[in-house]
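Everything on this sheet refers to the single structure shown next.
The values are calculated or read from the model by the stated rules, or taken from the named source; none is laboratory data. All values derive from a computational prediction rather than experimental measurement. Cβ: placed from backbone, ideal geometry, glycine included. Neighbour counts: every protein chain shown.
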2 protein chains.
Amino acid sequence: MSKDLEKIYVIKIGGNVINDPEKLAAFLAKVASTKGRKIVVHGGGKLVNQLADKLGIVQQMVNGRRITDTETLELTAMIYAGLINKKIVATLQANGCNAIGLSGADGNSILAQKRPVGEIDFGWVGDVKEINTLLINQLLSAGITPVFCSITHNAQGQLLNTNADTIASTVATALAATQPVRLVYCFEKKGVLADINDDNSLITSINPEKYTQLLADGIVADGMIPKLENAFAAIAKGVQAVTICNDNDIVEILENAPDYGTTLTK
Amino acid sequence: MSKDLEKIYVIKIGGNVINDPEKLAAFLAKVASTKGRKIVVHGGGKLVNQLADKLGIVQQMVNGRRITDTETLELTAMIYAGLINKKIVATLQANGCNAIGLSGADGNSILAQKRPVGEIDFGWVGDVKEINTLLINQLLSAGITPVFCSITHNAQGQLLNTNADTIASTVATALAATQPVRLVYCFEKKGVLADINDDNSLITSINPEKYTQLLADGIVADGMIPKLENAFAAIAKGVQAVTICNDNDIVEILENAPDYGTTLTK
């Protein structure tokens, strides 16, 4: 009798949780309490800006996007791969979850290339080229939870700063080629809301037709549009479903409880 | 026909090399060029002090030893586990060596306990309790080179600062229980010198009898004594040999060329 392959959950931690040690500890305890294969992905919240301020390193922003100069890249390596990643791993370990922290350089897990200079030179920003699914599957098979920070490398000795949402979606789509994968984006809201001021107006599921209608009705707007576009792109590349939810609801999401978060499907 | 188990080399990088990006790159290219199973261990050189100075975090020292308060622990996590560890891993990858960076929290690779408060309270300093040889052997078998920074954890969510020389020796002795291990400490000199001002006066091998004589003759003195005591302690615990050498000579050491470094044996 063949058994269905167990789903892998790829979980992106919300930036607001990264910024709050108590919330982060509570979130990680919840993640650790759930069984099954999972991968955690995180960025750095506000800590890089705070450290840059203290050190007098001016953060160049163009159209609201950070330019990663050499000094800023070093700060991101310190904060993402050092401080935050190791705190997350140590906290997961304390909760009985055998985690291992990874940048893209570690085990060549995420190969990237420096973003070509166009109208804007983003500096040391990396676009993902290849995910080392062999290594990730080996770790998962050994019962280990990989924890990816948003640092990659180009295999020529250069570290690169890569968006954490992108890491989550590229890891999920790469793994989805051979097994069922669900992608979970945590953020400060309960999910996609019909009325942004009413937490009880959660829309629990969206397929492409419904998305088209929500767009036409102006219910999905602003910052939610790229989130949903990226989610549907991941689904088009083979991810089973993408859930957008609040960090507080992670146990329910991982246990497939209904009525939590917004789940996007084909 | 049985085949002897291939030796594992545990290599502690010299602090002077960590401080110098060009020397570090050259050293890592050499390490990567040699075949065989190896583990790299590093501390942080002067970078923690430099960052502490910039941030106005006063480093408390007692009898020349650093006290690791909470702010300093965060700096060590940033510098050791973040910036330096990821630069080393990316550079090894660029030279064709599949490295993976680890703190003791990662995969629960090094479990430590906070040093009990005696006459001095060293703060968040960890004494090693247990090495996860299963994980290390799995990585080595997969052709991966573990790169340990000098951060450990207590399995209760607390990161701890642990001396890199101690990490190197405890990893080496733990692995030596089941296979041949050599421990290599790199530093600024060619090895133990009969005349500290003459680089040509290298003593290439020392056993316990010779060590007693060198001590009596005053040839081994000062900072070299704890280095050699620790080395003989590792040998007593099963490490085949310990070599103290200059970072420049690492290829010759790993290829067992004679007349490089000082090798200590039973």
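Sort out which residues of the range B:70-89 are in contact with a helix residue (DSSP H, G or I) (Cβ under 9 Å, 6 or more places away or on another chain) and among the aliphatic types (A, V, I, L, M), and write them in order of number.
First, pick out the residues of the range B:70-89 that are in contact with a helix residue (DSSP H, G or I) (Cβ under 9 Å, 6 or more places away or on another chain): B:71-72, B:74-89.
Across the range B:70-89, the qualifying residues are B:LEU75, B:ALA77, B:MET78, B:ILE79, B:ALA81, B:LEU83, B:ILE84, B:ILE88, B:VAL89.
Let's see how each residue does on (1) surrounded by fewer than 23 Cβ atoms within 10 Å (Cβ to Cβ); (2) in contact with a Pro (Cβ under 7 Å, 6 or more places away or on another chain); (3) among the polar types (S, T, N, Q):
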{"residue": "A:GLY14", "(1), (2), (3)": "no, no, no"}
{"residue": "A:VAL17", "(1), (2), (3)": "no, no, no"}
{"residue": "A:LYS30", "(1), (2), (3)": "yes, no, no"}
{"residue": "A:SER33", "(1), (2), (3)": "yes, no, yes"}
{"residue": "A:GLY36", "(1), (2), (3)": "yes, no, no"}
{"residue": "A:LEU51", "(1), (2), (3)": "yes, no, no"}
{"residue": "A:LYS54", "(1), (2), (3)": "yes, no, no"}
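Given the residues A:VAL62, A:VAL89, A:VAL58, A:VAL31, which is the only one that is at pLDDT 95 or above and closer than 29 Å to B:ALA90 by Cα? Can you show your working first?
On the way: A:VAL62 fails: at pLDDT 95 or above; A:VAL58 fails: at pLDDT 95 or above; A:VAL31 fails: closer than 29 Å to B:ALA90 by Cα.
Going through A:VAL62, A:VAL89, A:VAL58, A:VAL31 in turn, the sole match is A:VAL89.
Any residue in the range B:9-22 that is hydroxyl-bearing (Ser, Thr, Tyr), within 14 Å of another protein chain (Cβ to nearest Cβ) and in contact (Cβ under 8 Å) with a residue 24 or more places away in the chain? Even if it seems obvious, please write down each step before you answer.
First pass over the range B:9-22, keeping only residues hydroxyl-bearing (Ser, Thr, Tyr): B:9.
Now drop any that are not within 14 Å of another protein chain (Cβ to nearest Cβ), which leaves none.
Looking through the range B:9-22, none of the residues is hydroxyl-bearing (Ser, Thr, Tyr), within 14 Å of another protein chain (Cβ to nearest Cβ) and in contact (Cβ under 8 Å) with a residue 24 or more places away in the chain.
For the range A:45-56, enumerate the residues that are within 9 Å of chain B (Cβ to nearest Cβ) and in contact (Cβ under 8 Å) with a residue 24 or more places away in the chain. Spell out how you get there, then give the answer.
Kept after step one, since they are within 9 Å of chain B (Cβ to nearest Cβ), are these residues of the range A:45-56: A:51, A:54-56.
The answer is A:LEU51, and nothing else.
For B:HIS42, all conditions in the list (1) within 12 Å of another protein chain (Cβ to nearest Cβ); (2) buried (at least 19 other Cβ atoms within 10 Å of the Cβ); (3) more than 20 Å from B:ALA142 (Cβ to Cβ); (4) not small (Gly, Ala, Ser) hold save one; what is the number of the exception?
Result: B:HIS42 fails condition (1) only.
For the range A:57-92, give me the residue count where each residue is in a helix (DSSP H, G or I) and more than 10 Å from chain B (Cβ to nearest Cβ).
Looking only at the range A:57-92, we keep the residues that are in a helix (DSSP H, G or I), and these are A:70-92.
Subset that is more than 10 Å from chain B (Cβ to nearest Cβ): A:70-72.
The number of residues fulfilling the criteria is 3.
Quick check on the range A:23-56: of everything there that is part of a helix (DSSP H, G or I) and among the basic types (Lys, Arg), which residue is farthest from A:VAL184 (Cα to Cα)? Even if it seems obvious, please write down each step before you answer.
Going residue by residue through the range A:23-56, those that are part of a helix (DSSP H, G or I) are A:23-33, A:47-55.
Narrowing further to those that are among the basic types (Lys, Arg): A:23, A:30, A:54.
Details: A:LYS23: 18, A:LYS30: 14, A:LYS54: 33 Å.
Checking each candidate, the answer is A:LYS54.
Which of the residues that make up the range B:102-119 are in contact with a helix residue (DSSP H, G or I) (Cβ under 9 Å, 6 or more places away or on another chain) and either over 26 Å from A:ALA81 (Cβ atoms) or assigned to a loop (DSSP other than H, G, I, E, B) (or both)?
Residues satisfying the conditions are B:SER103, B:GLY104, B:ALA105, B:SER109.
Could you look through the range B:93-104, keep only residues that are surrounded by fewer than 24 Cβ atoms within 10 Å (Cβ to Cβ) and within 20 Å of B:GLU22 (Cβ to Cβ), and pick out the one that is nearest to the other protein chains (Cβ to nearest Cβ)? Let's see the steps before the verdict.
Start the filter on the range B:93-104 by keeping residues that are surrounded by fewer than 24 Cβ atoms within 10 Å (Cβ to Cβ), which leaves B:94-98.
With within 20 Å of B:GLU22 (Cβ to Cβ) added as a condition, the list becomes B:94-97.
Numbers: B:ALA94: 4, B:ASN95: 8, B:GLY96: 9, B:CYS97: 10 Å.
The qualifying residue nearest to the other protein chains (Cβ to nearest Cβ) is B:ALA94.
Pairs under 7 Å by beta carbon, first residue more than 9 Å from every other protein chain (Cβ to nearest Cβ) and more than 12 Å from A:THR68 (Cα to Cα) in the range A:105-123, partner assigned to a strand (DSSP E or B) and at pLDDT below 95, six or more apart or different chains?
Close Cβ pairs satisfying both conditions: none exist.
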